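Just below is one structure, and these are the notes that go with it.
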Amino acid sequence: MFLENTVNHKEQFGWIEVICGSMFSGKTEELIRRLKRAQFAKQKVEIFKPAIDVRYDDEMVVSHDANEIRSTPVPAAANIRILADTCDVVGIDEAQFFDDEIVSVCNDLANKGIRVIVAGLDMDFKGNPFGPMPALMATAEYVTKVHAVCTRTGNLAQFSFRKSKKDDLVLLGETDEYEPLSRAAYYKASLREKVKEIEVTDPKELSKNSEKPNE
């Protein structure tokens, strides 16, 4: 369970919160919820997202259930350090798409007394740790892992299974490209894909080839 910190005016340091999980787990929705609460409290809030994420809107951070909040698209993590210097709260969506400098940027902001809230995929479609997310999770004061519901078993899902044959690490997509799966469902689906790639030769063909005289 996530317990939001209270402000200690004697300690002029901020902190880092990481919200992670699979596709369709509600990461962005939770990010927006925390940021809107800060805005309601009249805190100075800035939200950033990678410029490559234009699935729903060029400037808005939008969750899968159409909840949204205005953001600033940036091409690199270094831009955030400059633009967020005077904020009380900084939100960063889709952190896995940023370069590794995002880790030092978040820590620098927190050291200046800023509350930094980061959301992103913790694993890529192959089930490997995604980009700078492991380092962000390691240096954060608070880590919240949210889960989707597996489309095949109904259990909690933590894997983002890619349904297409595309092998690019970064591939923006929705339900047409991805589905959330539990560990068991992901393992079975991955195994099926590997079996499909195996070339099977008909034994009869092998027999015919062996009977042919050498030329």
Check: Looking only at the range 111-126, which residues are part of a loop (DSSP other than H, G, I, E, B) and out of contact with any strand residue (DSSP E or B) (no Cβ under 9 Å at 6 or more places or on another chain)?
Finding: Lys112, Gly113
Note to self: With the requirement that a residue be in contact with a Phe, Trp or Tyr (Cβ under 9 Å, 6 or more places away or on another chain) and closer than 25 Å to Met23 by Cα, what does the range 106-116 give you?
What the structure shows: Arg115, Val116
Next item on the list: Output yes when any residue across the range 186-196 is among the hydrophobic types (A, V, I, L, M, F, W, C), surrounded by 15 or more Cβ atoms within 10 Å (Cβ to Cβ) and either modelled with pLDDT under 95 or not in a loop (DSSP other than H, G, I, E, B) (or both), and no when none is.
Entry: yes
Item checked: Residue under evaluation Gly131, criteria (1) closer than 13 Å to Ala84 by Cα; (2) in a loop (DSSP other than H, G, I, E, B), criterion not met -> (1)
Next item on the list: Give the range 144-160 a look and list any residue that's within 18 Å of Gly120 (Cα to Cα) and either of a type in the set (S, T, N, Q) or within 13 Å of the chain's Cα centre (by Cα) (or both), or say none.
Entry: Thr144, Lys145, Val146, His147, Ala148, Gln158, Phe159, Ser160
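The values are calculated or read from the model by the stated rules, or taken from the named source; none is laboratory data. Bear in mind the structure is a predicted one, so any value in this text is a computation, not a measurement. Because the Cβ atoms are built from the backbone with ideal geometry, glycine has one as well, and the counts that use them run over all protein chains shown.
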